[in-house]
1. Which numbered condition trips up HIS583, out of (1) of a type outside the set (Lys, Arg); (2) closer than 25 Å to LYS266 by Cβ; (3) at pLDDT below 95; (4) out of contact with any helix residue (DSSP H, G or I) (no Cβ under 7 Å at 6 or more places or on another chain)?
2. Can you name every residue in the stretch 241-266 that is under 17 Å from the mean Cα position of the chain (by Cα) and either part of a helix (DSSP H, G or I) or surrounded by fewer than 17 Cβ atoms within 10 Å (Cβ to Cβ) (or both)?
3. Looking only at the stretch 523-542, which residues are surrounded by 24 or more Cβ atoms within 10 Å (Cβ to Cβ) and within 25 Å of GLN733 (Cα to Cα)?
4. How many of the residues in the stretch 267-277 are part of a helix (DSSP H, G or I) and hydroxyl-bearing (Ser, Thr, Tyr)?
5. Quick one: how many residues across the stretch 726-759 are more than 35 Å from the chain's Cα centre (by Cα) and at pLDDT 95 or above?
6. Being surrounded by fewer than 19 Cβ atoms within 10 Å (Cβ to Cβ), aliphatic (A, V, I, L, M) and in a loop (DSSP other than H, G, I, E, B) narrows it down to one of ALA658, ALA669, so name that one.
7. On the basis of being closer than 19 Å to HIS743 by Cα and at pLDDT 90 or above, does MET603 make the cut?
8. What number of residues within the stretch 201-240 are touching a residue at least 40 places away in the same chain (Cβ under 8 Å) and not in a loop (DSSP other than H, G, I, E, B)?
Amino acid sequence: MATTEDIRSHVQHALGNSYTLERELGGGGMARVFVAEEVALGRRVVVKILAPAAAESLSAERFAREVKLAARLQHPNIVPLFAAGVAAGTPYYTMPYVEGETLRSLLDRQGAIATTDALAILRDVARALASAHEQGIVHRDVKPENILISRDAALVADFGIAKAIDAARTDSNATDLTQAGIAIGTPAYIAPEQAAGELDVDHRADLYALGVVAYEMLAGRHPFAGKRTAQALVFAHLIEAPPPLDVAKPGLSPGLVALVTRCLAKSPADRPSTARELGDLLATTESVNASLGLTVRPLAPSIAVLPFVNLSADPDNEYFSDGISEEVLSVLARDSSLRVAARSSSFAFKGQRVELRRIAERLHVNTLLEGSVRRVGNRVRITAQLVNAADGYQLWSDRFDREVTDIFAVQDEIANAIAQTLRQRLRPTVDGSSPSETANEPGRRTRPPVGVEAYDEYLKGLHASRRIDGPGYDAASDHFRRALVLEPRFAAAHAGLGETLLRLGQFFAFPPTEAFAGVRRHALRALDLEPNLADAHWLLAEVALFHDWDVEISEAHLRRALALEPHHSGALMTTALCHNARHRRQEAIAVAARAVQVDPLGMGTRFLFMAIAFNLREHELVVSEATRLVGDYPQYAEAFRWRALGRMMMGELDRARADLETSRELGTASAWWCANAALLASQENRPLEVARMREELIRLSDRGWVPPTALGLVEQSLGNDDAAFAWYERAFQARDFTMAVFHTDPIFAVTPIGKTTSIADDERWARLVQRVGLSP
């Protein structure tokens, strides 16, 4: 390993006679930092040379060109850039040497900073950001390491460097990274929209990062202290609320607490509008208290559609009221300017007496749609009201008396009225134009008329498929099929049947080839009838990834699905699974967290989040999310199973065994439960228990389809590699959908007790992974 002196000597040789290096200041991931004398001018400078890992995929010339744009910045609180160039093919840049220390070293030495000193630092940084933002330059990596404290002033360094690195990428993954929105930055300070893959990240990302810095200075600890991996931090920024600042640091003024909390808002629109505004609020402690309430901007439009109440005389009409709610939600979800909570989260509160404000907090929305449905024969009366969750104020309400044959038109009418109201009340345009001039309304779907009986069957199918304790997917399949017998051109029923077949296949009701053939057939038919149906594109993406093992085709369908419905939690989660298949760790966890943000209470979404985190070896994150899920759904067996897996991989075998037993008590001994129990027993050196699980799986296979990968894992746990590979070959031939994560799932790489290598070290494993073709 090269010593610091070796590196210094190499750098000095690369720079030639222009600079004389004195000593290394430090640095980390992206750059090595040296103090030097610039020979021509006889002044001390700092030379930052990009680390090889950061520089190898960059165009050095393009990097230097981008840095020169940032060098135009001139402000007392900005450390200017002197020069940029290339030394021995490695990009470097120089800036003045500043006497003092970084905010990081101050925090490490001192902990929490006195409020008056913290406010002075924040004001200086806000002024620097304001000057840069007004010249079109966003920092994108605001953190204590880039804030220098010198002579009672704070200066911000490295403006434009993150953008320069991003713009100079030349490797094949650069486009994917840029499209995913994963910009260069530091996970501890990255804004949610930056981490989540949004393309339109702007100056408000810097305000979020400054909010994190402010919290850390005032409280003496990071708002998400305890998160030990980049992926856990990304998830926290996207989903979790930090402990209240006034709890972490009692005695702070309410206005200051509210201002820092506002900077930490998940949505950019809920933060201060500009760094200039933030700086004005920080001008004095008194102004923070006095002015805060006058400058709060309207919240970004977000809504949850609660299940409409069934007021019909027949309680069995509940399927109809639920269906109307879901259909209105579906129309709203097509509007890219609205954030709409997923159906599985909105309906989680059905039948519960929960305060509206509490529901809104759990679903991360600021408005709620309530309603009721009364049906008499072919006549229906729908009442709906839009409520501001913060104060319970009614923003809009209306009543609709219609024939059931007009139900599609009523759903569109309600959705468009709500969308327009949300824009008018919650997001006035910046330029003063009326919302109607700039609105992108969800619009009316082009759907052929559907008979009352077919529509009834369709809604019954939805109702059956959504009820955890209800008749389930078999009944849903029957209802959708009856709807299609009555109306063969009913696109939504084709999509509903396709999703039902997908779920039945995932629950091993029949072999994958049979299941996915049905999914493909009905999804394609749905698109023939309604080309802009996001659900159908998502279903085809599932087929492409899990049956065809074709990531590129899957991602193409996902891009289309998300263009039509930006907050489609299923499409987001499948996108994350595609990233996982390609070993894109940060993108996978970020997009999966976005799906959880959209669907915070959906058991299926959170199940898949745990699966992705497990595939990424983020076992602490698996355990923490499983624990949160147990808190929300104490009877959910799969939450205990995933927590058992996470704890097993962390070596907590006793706690894993307890969770696995609880999972079985709450559920059934499914194929994967048996396989997981066998793996745990092998780690506990209990071969007889592993063999018993093998017999249990064989008995299960007599009653239905059992994934060959599960049997292969049991043989692997017994050390029978040849038998395991025989099962994995059968899995390949049967298109076992587990093969889509075969190369990333860590359970296949566990070393059995008594062996020194795992099956993943066998050359047959590499050949099999190559044949599946998903691993890059």
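1. (2)
2. ALA241
3. If the condition is that a residue be surrounded by 24 or more Cβ atoms within 10 Å (Cβ to Cβ) and within 25 Å of GLN733 (Cα to Cα), then ALA523, TRP538, LEU539, LEU540, ALA541, GLU542 are the ones that fit.
4. Our first condition is that a residue be part of a helix (DSSP H, G or I); within the stretch 267-277, this holds for 268-270, 275-277.
Imposing the further condition that a residue be hydroxyl-bearing (Ser, Thr, Tyr) reduces the set to none.
Total meeting the criteria: 0.
5. From the stretch 726-759, those more than 35 Å from the chain's Cα centre (by Cα) are 726, 753-756; that's our starting set.
Now drop any that are not at pLDDT 95 or above, which leaves 726.
Counting residues in the stretch 726-759 that are more than 35 Å from the chain's Cα centre (by Cα) and at pLDDT 95 or above gives 1.
6. On the way: ALA658 fails: in a loop (DSSP other than H, G, I, E, B).
Being surrounded by fewer than 19 Cβ atoms within 10 Å (Cβ to Cβ), aliphatic (A, V, I, L, M) and in a loop (DSSP other than H, G, I, E, B) holds for just one of ALA658, ALA669, which is ALA669.
7. On the way: closer than 19 Å to HIS743 by Cα: no; at pLDDT 90 or above: yes.
Judged against the criteria, MET603 is not a match.
8. 25
The values are calculated or read from the model by the stated rules, or taken from the named source; none is laboratory data. This is a predicted model, so every value here is computed, not measured. Here the Cβ is made from the backbone with ideal geometry for all residues, glycine too, and neighbour counts use every protein chain on show.
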